Every structure is written in C-alpha cells, then in structure tokens.
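Derivation of every value follows stated rules applied to the coordinates shown; laboratory data play no part. The shown structure was predicted, so the numbers you read here are calculated from the model rather than taken from an experiment. For neighbour counting, all protein chains shown are included, and Cβ atoms are generated from backbone atoms with ideal geometry for every residue, glycine included.
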Amino acid sequence: MDVSAESQKFGVNSEGLMEVEHVKSPTMVKTPETKKANGEKCFCNRDFEEKDVRKFVKLLKGSEIIWEGQAAKGGKRITCNIDDKSFSTLTKGLNAAINKYKINTCAQKMHFLAQVCEETGTFALSEESKSIFASSESFYKGRGVLQLTGVRKKDKKSYDAPGPYQDYADYKGDKNIVKNPGIVATNINYCIDSGAWIWSINKKMPSNKKSQAVIKWGKESAGKSLNELALYVDKYLELISVLLNGRNAKTNMPNGWEKRKSNYNLLKTGFFRYDYFHGSNNKPVDAKKIVTFHIYHDGKIEKHIPKEIKKDYENKYSYIYHDTAGKEHDICTVNFEKVQNWIVGSKKDGGKGWAKRTVGGRIRYYQMGTGKAELVKVVLPINYSKDGVVLKIGDNTTREYLNPKAFASMLGAVANCGYEDFKFNGSTSSDGTGAPSLTHVNGVSFDFRYLRKDKTGNNLHIDTEPNALDITRQEKFIDELIRFGYSQFYSYNIIINKKKFILKNSTHLAEHNHHLHVRREGYKPNFKEIKY
Ligand SMILES: [Zn+2]
Ligand SMILES: [Zn+2]
C-alpha cells in the first residue's frame, strides 16, 4: 500500500485512461487445463487449496503471515482491520472471486495475484494507509485488494465522490457500500470481490480504436478488460499495471513497476511454473492470423500456425524476435513459395533426375528430390532498431531466398549480436538450387561477409588483410549461429604473426577468403511447431 500511495489514480495521461469504460460482462475465455503425464495439474480452471495460497504468499513475502499491518514511523504500527485473518478464509474468498469473475487460466491468475500482492503488500493491509496523498485521508480512499477508490469532487483535493464505489454498489445491488465504504476494507469478502470486479468488469481499455491508448498499444487491446489482457501472458504486464495505478511521471513506467514485475515473474516461474505446463507460447488463440516464427533469444524457435489465416496472408510468414526481457520485436513479414526440392549439387551431370544450371559461365548440376521445399524471399536490407535490440542486415546478394527456419536462425543470431555491419552474401536463388554454389540447395546454407574491425562494412579478404578481421565479433556470431542450430562453417586459414589460425568450428575451403559459409550439415535448431 505504501507504494500505491504514489499513484495518480484518475489523472489523464497518454494512455487515455479517462476513456475507460464500464461494461458489465465478464470475459468468457477458457483454456483447457494442462495436465502432465505424472498427474501434475496447472491452475487453469482449478481452485487453490489453502496450502497453495500459503505457498505463493511465502514465495513473495518470505513468511506465511497475512493481514499483519505495516510498520510506520516512530515505532508505530498501522493495523489491518479485516474481520478474518485466516488463510482458510482468504483461500475461500479468492476462489469465490476467481470463479465469479472468470479469472480462469494460469495466465489470468498470475497477473491478478501479482497486482493484488503489490497493492496489499502481499495481504498485509486491506486499505490505503495515511500518506502525503490526498486520497489516503478521503472518505472514499483506496480499499480492497485492488484499491477501489473514489473520485475527486470538482475543485476539491480529496476523493470524496464515490465514483467507482457507486459503480461497484450498483453492480452488487448493495447501497450500503456507498454509505459505509469501510466495509470494503473490513469484510474479507468485499475486500477480495471488489478487486476481482475491478479486474474483470470495471477497468477496460477504451474500445474506440482511435483513442490514444489503443493507438499506442495496438488494436487488439481495444475494449479489453484487465482479465482479457492477461490472456496474452507477458505482453501487457506494463499496460495492466498502468491501467490499475497510472504511470509515474519521473520514471515514465507504471507506479510500483519493479514490484509488480517481480511479483509477476516470481509467480510465473516459482508458483504457476507457467512454461512447464504451458510452454513459452505467449500468443493467445488467433491473436495474429498469420503464421509466425517466434525467435527467442535463448535459441528457441517456434512456428505458430493459427487455425484461421487472414485473407492475402496465406503465403506470408511473420518473424518476431523475443529479447532477454521477454519483449517482442516485430522484425518482418515475408513471402514464401514452394519450389522443387533438391538433394545435392555437383559439377558432374548425374544423368536422369538431374537439372543443369549455368551461372556466370559456370555449369552446375542439381539432383532433384521428391516434393517441394519452402523458400522465403528475404527483403534486404533489414534495418530494425528498437528498445535496445538492433537487427541490421545489409544487402550483398541476388540469392535472397532462404529456408523459413534457417531465416529464423539467421535473424536470431544477428539480433543476439546486435552488430550494425552485417552483410548477407545470400543463400539460394528462386529455383532453390543456389547455383553456382553446390551446397546452398533449399536455402539452408548461407553466406555472410566477414566482419571488419573498422566496421566499414566493406569487402574484406582475410588472406590479404588479416589484421582487419574482427575475430572476437566473428566468433561471437558463430556462437550465436550455434545457439540457433548450426554447428559447422567454411572459412579460410588466416596467418597472423606467422601463425596459422582458423575461426572456431570452421574448415578451410577455397574461395572463402571473403565470406563465412554457414553449413547446412548438422543444422538442428531447437524448433517447435504449434498449431492453434
Ligand atoms: Zn494452466
Ligand atoms: Zn556458401
């Protein structure tokens, strides 16, 4: 409660919170509960037991004590006047509210509890304690687990108009709430119920798609309650926090942001074990009606395939990079096509089942495989830079076709490095052969210019100017490619101070004095396909 006292509860700000609507229908979204083979169950559509509540309280607080009040200046203590301080009543109250207001899934529960625990000091207090803020001494001060608070009368400083207290009273059909607002802090059932009402019914994003808040956060957020935003797992933690308690003018982040974030992460990993039960799939059902490759900074790649695909997006893939903070970066959307699948290229004609290609006077033959292979057409240059993520790839090729998964690996490795002077030497041509290269068939192998110390992005021949090679950055790039599933590379012997040297995991190969070849052999990304 001490933290929330900083709140600017009903101010107008860039999120356009004054536009928040009051719509009286709780969200009906349900996800099936996830059960593991060993019988363990997640908390989707399942009540807490008392031991569960004790467990997450201890996780966030370090002790199993609740409603203990708070230490104040001068050795005093602010007491909590709630009528029942037992874990069993808290557990019953939480379950009742969660069921009534359809806080059904693990994602919704961990969001709800993260905010409730921030606002109450993890069930230490049930009302706003005296502070420098006007709301704290008002008749309709902040009460209940999500701090139901009145509004200011015109030209007045204190929050002496019922506002949301009135809305809550109307919803419940209980006038006493307006007459005797203290009940929201003293009666455990009102205390919890009021919070769940704020969560699922009262606070919503504006439904007007032209409102500032929706323009800022995206159309998909329009009209959604906090409970609906919570379905997107990590995506709207910041927005939910701002909708609940405003943005801090100094930090430009939500009030109490560090605590809210830390509660959320602790609950997600330590109590709900979200990834264990649900995978790291942060996409709600059909949030985006386009097949999307999710590239995680730790090397994971997920291809998400929605049941329904938007018209004209049937031949497109979207690529999203997830940074170390879990933030999503929309990198690009590219076209893909299906072309002849090839087995191998050769300088010799294999006869039947082989096709001939001539590029720059060089004659090559490619053995046809069965079926088709997918290729995406990479649009170069790629020039992404946002919130500390730099993903830049310069254009140095006419062979801009790549296997869709290989492209995800490439983007992940480049993003993890963050260098601005990458130059892509290409993979394969639109027919999938990659001629005149023999090894670029189907776009799994690809080439990159070596990285220079002077970062000019210009050509570098490491046999003639070895000192210009930035070995540290080059090997970091190799490490990141390995993280995304590659393991072998063609490079070129370098002589530095009369000593022969070759880049890690690389084999010397003629004509590789100016580019690193990322080999298809042994390519095995940490890949998962998820269908909705
Ligand atoms: Zn679950
Ligand atoms: Zn190559």
From fewest to most C-beta neighbours within 10 Å, the residues 136, 126 line up as 136, 126
Against the 2.2 N^0.38 Å rule of thumb, the C-alpha Rg of the chain sits at a ratio of 1.21
Relative to the compact-globule estimate 2.2 N^0.38 Å (N residues), the Cα gyration radius of the range 409-532 stands at a ratio of 1.08
Fewest to most Cβ atoms within 10 Å: 508, 294 sort as 508, 294
Taking 216-222, 346-352, 254-260 and ranking on average Cβ neighbours within 10 Å, highest first, one gets 254-260, 216-222, 346-352
Checking rank on 478-487, 304-313, 442-451, with mean other Cβ inside 10 Å and highest first, the result is 442-451, 478-487, 304-313
With 0.36 nm assigned to each residue of separation and the Cα-Cα distance removed, residue 324 to residue 178 gains 47.9 nm
FRET efficiency for residue 87 and residue 498 from the Cβ-Cβ distance with R0 = 60 Å, rounded to 0.05, comes out at 0.20
Label model pair residue 335, residue 395: point-to-point distance (7 angstrom along the Cα→beta-carbon line) in nm is 1.5 nm
Taking 191, 44 and counting other beta carbon atoms within 10 angstrom, the fewest-first order is 44, 191
Treating every alpha carbon of the range 60-141 as one equal point scatterer without solvent, the Debye formula yields log10 I(q)/I(0) values at q = 0.18 Å⁻¹ of -0.91
Nearest-0.05 FRET efficiency for residue 346 and residue 315 at R0 = 41 Å, using Cβ-Cβ distance, is 0.85
XL table 219/392; 36/92; 61/204; 102/268; 289/327; Cα-Cα > 23 Å flagged, in table order, is 219/392; 36/92; 61/204
The simple spin-label model distance between residue 52 and residue 153, using points 7 Å out along Cα→Cβ, in nm, is 4.5 nm
Extension length gain for residue 465 and residue 134 (0.36 nm per residue less Cα distance), in nm, is 112.2 nm
Per the 1/(1 + (r/R0)^6) rule, R0 = 35 Å and r from the Cβ atoms of residue 78 and residue 528, FRET efficiency to 0.05 is 0.10
